Structures are given as C-alpha cells and as structure tokens.
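Below is one structure, written out as structure tokens, with a few remarks after it.
The values are calculated or read from the model by the stated rules, or taken from the named source; none is laboratory data. Only a predicted model underlies this, so the values are computations on that prediction, with no experimental measurement involved. With ideal geometry, Cβ positions are generated from the backbone for all residues, glycine too; neighbour counts draw on all protein chains shown.
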Amino acid sequence: MSKPLKIAALGFWHVHAGDYSRQAQEHPGTELVAVWDDDPALGQAGAEKFGVPYTDDLDALLARDDLDGVTVTTSTDVHRDLMVKVANAGKHIFTEKVLAPTVAEAEEIVAAADANGVKLVVSLPRLAHGYTQAIREVIDSGDLGTITYGRVRLSHDGAVSDGGKGGWLPERFFDPKTAIGGALTDLGCHPVYLTQLFLGAEPETVSATYRSVAGLGLEDNAVVTVGYGDQRIGVIEAGFASGNPFTIELFGTTGSLTYSDDGNVLRVFGPAFGEARQLPVPEHSLDPFGQWVDHINDGTRADDNIARAVELTRMVVAANEAAEQGKVVQYAGARS
C-alpha cells in the first residue's frame with residue numbers, strides 16, 4: 001500500500017473546516033499534517049483541535065516537498081488568489097463550495113489546476129447521496145414523462161437559533177466582503193446544483209427574492225426561480241432561518257416524486273407506478289473527498305465535478321445579480 005497523502009488544511013473560516021480536516025485524518029489514504037490560516041486565532045484553534053502544527057507561513061508550507069495537497073475552507077473572497085497560488089505550487093486541491101465569487105475567477109482556478117497537473121475537486125456532496133441516485137434513476141426511466149417543475153429546499157436555523165437575532169453560525173458568515181453572499185451563496189449551493197442536475201445546468205432566466213429575517217447583513221431567506229427554454233420551471237429555496245426538513249419535489253406530465261430527509265422517504269406518484277408508493281433509497285456512493293483522493297492516486301481529472309462547480313458558480317452569480325437588481329436576468333450573461 002502506498003504512503004498516505006500528506007494534507008494541509010488552509011483556513012478555518014468556514015464551518016466545514018473541521019469536517020474536512022477530520023476526513024483527512026480518518027481516510028486511510030490521507031494524513032493531516034498542518035493547518036494554515038491568516039487569522040492566527042482560528043488557525044491555532046483548528047491545529048490544536050486536530051493535534052497538528054499551525055503555521056502562518058503559507059509560502060513555506062507550500063514549498064514542502066512532502067506536502068501533497070490541501071483542503072480549502074477560507075473565506076470565499078480569497079478563493080481565487082489562494083487556489084491559484086496552491087496550484088502553481090503543484091499541490092492538489094479539495095475545496096469548499098462555492099468555487100469562487102465570479103465565473104471568471106472560477107475558470108482561472110480551473111485553468112491553473114490543469115496547467116500544473118493539479119487534481120481539483122469541489123465539495124458537492126449531495127450528488128453522491130443515495131436519494132440523488134434513486135431520483136436520477138426515476139428520471140431516466142421516463143416514468144415521470146416530461147418534467148415540468150422542480151423544487152429543492154434546504155434550510156437550517158443558523159441565523160435564529162438563539163430565539164432572537166443571531167444563531168450558531170459565526171458572524172463572519174454575514175460579512176458581505178468575505179462571505180460574498182448569504183444563504184443562497186453558501187447553503188443554497190446544494191439546491192442549486194441538484195436543480196441543475198435534475199432539470200438542466202443552463203436555464204434561460206433567473207429571478208430571486210432575498211430577505212434577512214435576523215437582520216445580520218446578508219440574506220438568510222432566499223428563493224430563486226429559474227426558467228428553461230423548454231418551459232420547465234425550477235424553484236430553489238435556501239435559508240438560515242428555519243430548521244425544516246430537506247425537500248425535493250419533481251413534477252412531470254405523467255408522474256411526480258417527493259423526497260424528504262425526515263425519515264429518508266422517497267415517494268412516487270403516477271400511472272407508471274400504480275398506486276403511490278415508496279421507493280428504496282440506496283446507500284451513498286463515494287463522497288467528494290474520497291473521489292479527490294482517487295483522482296490523485298489514479299491521475300485522473302474530475303471532469304463532471306469541475307464542470308458542475310463552474311455552472312454552480314454561474315447560477316449563484318446570476319441569482320445574486322437578480323436579487324440585487326430586482327429583475328429577471330439572463331443566465332448566459334452571468335459571466336462576471
């Protein structure tokens with residue numbers, strides 16, 4: 001068996017920093033060896049939690065011959081500068097979504113990774129979940145007919161869990177400069193890429209309504225509506241102001257389906273199914289971190305993941321533009 005890949009965690013700004021550091025420790029093919037953060041307090045706390053050294057010298061860390069890759073969980077605004085630097089140092093990259101604040105920056109990161117033979121994977125975990133696999137099988141069967149409408153909702157109470165203003169999400173999540181966006185840009189990435197998977201990656205139009213229930217600086221309650229050229233409609237909902245179950249609904253000309261993570265229940269309706277019935281949900285397939293490790297070891301490129309990550313960025317940019325401008329925007333024009 002080959003030696004474990006040595007991994008450094010870059011940034012403890014994001015709430016998933018600990019999750020990816022834990023994966024780096026627990027995966028049999030990786031070893032967490034260091035933590036860097038430009039905020040010493042965050043970095044030192046993360047390093048202490050996982051029992052590895054902290055460094056404030058990024059250049060020295062990336063110059064280490066024994067370092068194979070990094071996980072990136074910094075603030076979103078520095079993703080491009082940091083990941084281009086990492087790629088130019090020849091270190092593989094596993095990053096939190098969203099890949100970058102703009103499509104141009106996302107494409108620059110991808111280009112730098114490709115130019116340096118770096119294996120890049122963006123964390124889009126729900127693509128590997130069992131319910132996603134089961135829903136794709138139903139869609140591919142044709143039993144729903146032509147899909148006309150889809151809705152995906154994901155929300156938690158991170159902005160309101162104290163019963164008043166604020167919650168368990170750190171205040172930095174609501175800083176427009178570093179976070180770039182609120183509920184839609186962060187948690188909403190999951191309903192966005194699932195909507196793109198089920199209905200199509202590239203709609204024609206995007207509209208959005210954002211509100212802030214807790215008044216913390218960025219939206220904590222968001223609804224995005226996308227329209228497709230073949231007349232399909234997708235509704236994307238994300239929030240930090242309610243802890244309701246994760247929900248997927250798809251409606252077609254001859255059938256429909258619903259999924260809720262409250263009980264992990266997938267139900268189908270329509271003539272092809274006879275009476276309404278529940279379908280089995282398989283186990284999750286390999287998670288994005290495991291996929292990243294395999295791509296490094298196999299010398300392969302994460303083509304599908306990278307393409308979806310760039311289109312995810314484009315959709316988030318379009319939604320943020322639509323909310324800011326208060327009008328419908330063209331998806332294809334969201335290239336800034």
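Only residues that are buried (at least 19 other Cβ atoms within 10 Å of the Cβ) and either among the hydrophobic types (A, V, I, L, M, F, W, C) or not in a helix (DSSP H, G or I) (or both) were counted across region 311-336, and they come to 10. Looking only at region 236-294, how many residues end up being aliphatic (A, V, I, L, M), over 24 Å from Thr185 (Cβ atoms) and surrounded by 14 or more Cβ atoms within 10 Å (Cβ to Cβ)? Qualifying residue count for the region: 9. Every test in (1) crowded, with 20+ Cβ neighbours inside 10 Å; (2) in contact (Cβ under 8 Å) with a residue 60 or more places away in the chain is passed by Pro125 save one, and that test is (1). Being in contact with a Lys or Arg (Cβ under 6 Å, 6 or more places away or on another chain), in the same structural domain as Leu197 (by TED's automatic domain parsing) and closer than 29 Å to Asp230 by Cα is the requirement here; does Thr258 meet it? Here the answer is yes, as Thr258 does meet what is asked.
Filtering Asp298, Asp287 for residues that are without any contact (Cβ under 8 Å) to a residue 40 or more places away in the chain and either acidic (Asp, Glu) or not assigned by TED's automatic domain parsing to the domain that holds Val110 (or both) leaves a single hit, Asp298.
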